[in-house]
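A.B. asks: After the structure tokens below, expect a handful of questions from me.
The values are calculated or read from the model by the stated rules, or taken from the named source; none is laboratory data. Since the model is a prediction, treat every value here as computed from it, not as a measurement. Cβ atoms come from the backbone with ideal geometry, glycine included; neighbour counts cover every protein chain shown.
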Amino acid sequence: MAQVLVGKRAADAVAMVPRLFTICGRSQGVAAALACERATEIESEEIVRCARADLVDAEIAHEYLWRILLDWPRAVGDAGNTGLLAAARGQLSEALESAQWAMGYAPDGTVRRGSRWGDVRAKLRGLLAEDMMEGLPAALDDATHFNAWLATTKSSVAKIIARFRDVSAEMDRPGVPLLPPVTPEVAAGELARRLDVDGEFCAAPDWDGSPRETGARARQQSHPLVAELTRSLSSPVLPRLAARLVELAALLREERSARVGSTAIRPGDAIAWVETARGVLIHRATVEGERIARYQIVAPTEWNFHPRGALAVELEALRATDRGTLDRRVDLLVQSLDPCVTYGVEVGHA
């Protein structure tokens, strides 16, 4: 897909990206703008940087709520809460639309108007308070509080996660190492080198010779709850779900981590990264004159669904005595890693 951008003017390429990638399109657009602006030595103003961060945060909240309220319940045989999801999406659309202007390449100052993400967060806290967020902030302190929340709360979300926990307790996964954070030094050094010399890196990335897991669990691996669950459980399924709850709660509390960044590699050549709902997204733009000479994208799905990556390794270790149990456990694994597209499962018999 990135090859479509080669030969285009930088501004036109950035405008195309959200239309090419409908899943996490805002994060893709922000990554493209950051990479192209850095390659052409354009420095964004503070209002633009804040609006882009709001776009990424609101999109992460949207993706998390879709999984938590619809896909996670379906993975354990529940219908999900479509009404609450629709109401939340209605609120989130306000935040996404209000900051959409910032996604473009060097956006014109005449259209800058901030975003409504702050107001929307407050509305979401009220909307989600009873069914989803009841008791959740305290539950995220450590595993003891988390397990008590699963056992005693009336929250439908807690009941769904408890079912994930019960099924995944029977699944013994070796997993793969977690991807370390992307920093300017890492991006301009090892990432740039691999993108230069390894023609397969965009499609099947690895780190120090090993596939890695990216996403909320990698970002939150030092959080007390996530770290404790990872140490005490053989399956990474519950730590992955808990990490997403940690991040969603932080977003709704108006906290923000450093989710985006960019750095120059050499004149006319730059890398940008955006921490999306599914993991780190990397865009690399090489601009000659005013046109894209080379464009490379490494999506989070390529890490987690690498042929030797987290899902592949965990599926190989999966055991079940009947097809129905096998299908349920496969769904739990796939949902815990959050694919960005529809997936299918084929079972071969020796």
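A.B. asks: Would you point out the residue of segment 131-145, among those that are under 22 Å from GLY80 (Cβ atoms) and of a type outside the set (A, V, I, L, M, F, W, C), that is modelled with the highest pLDDT?
C.D. replies: Per the criteria, the residue is GLY135.
A.B. asks: Do any residues in segment 278-292 that are closer than 23 Å to PHE201 by Cα and at pLDDT 95 or above have Cβ atoms under 6 Å from those of residues that are of a type in the set (Asp, Glu) and part of a strand (DSSP E or B), where the two are at least six apart or on different chains, and which pairs are they?
C.D. replies: THR286/ASP269
A.B. asks: Can you confirm whether TRP101 is hydrophobic (A, V, I, L, M, F, W, C), surrounded by fewer than 21 Cβ atoms within 10 Å (Cβ to Cβ), touching a helix residue (DSSP H, G or I) at 6+ places or on another chain (Cβ under 8 Å) and more than 28 Å from VAL237 (Cβ to Cβ)?
C.D. replies: Values: hydrophobic (A, V, I, L, M, F, W, C): yes; surrounded by fewer than 21 Cβ atoms within 10 Å (Cβ to Cβ): yes; touching a helix residue (DSSP H, G or I) at 6+ places or on another chain (Cβ under 8 Å): yes; more than 28 Å from VAL237 (Cβ to Cβ): yes.
Yes; evaluated as a whole, the condition is true for this residue.
A.B. asks: So if I check each of ALA264, ALA242, ALA249, which one is surrounded by fewer than 20 Cβ atoms within 10 Å (Cβ to Cβ), part of a helix (DSSP H, G or I) and either out of contact with any His (no Cβ under 7 Å at 6 or more places or on another chain) or in contact (Cβ under 8 Å) with a residue 40 or more places away in the chain (or both)?
C.D. replies: On the way: ALA264 fails: part of a helix (DSSP H, G or I); ALA242 fails: surrounded by fewer than 20 Cβ atoms within 10 Å (Cβ to Cβ).
The match here is ALA249.
A.B. asks: Residues of segment 224-237 being at pLDDT 95 or above and either of a type in the set (Ser, Thr, Tyr) or surrounded by fewer than 21 Cβ atoms within 10 Å (Cβ to Cβ) (or both), which ones?
C.D. replies: PRO224, ALA227, GLU228
A.B. asks: Which of the helices (runs of 4 or more DSSP H) found entirely inside segment 1-92 contain at least 1 residues meeting this: among the basic types (Lys, Arg), crowded, with 23+ Cβ neighbours inside 10 Å and modelled with pLDDT of 90 or more? Show your work before the answer.
C.D. replies: Numbers: elements: 10-20, 25-39, 46-66, 72-75.
Qualifying helices (runs of 4 or more DSSP H): 25-39, 46-66.
A.B. asks: Considering every residue within segment 271-281, establish whether at least one is within 21 Å of ALA13 (Cβ to Cβ) and assigned to a loop (DSSP other than H, G, I, E, B).
C.D. replies: no
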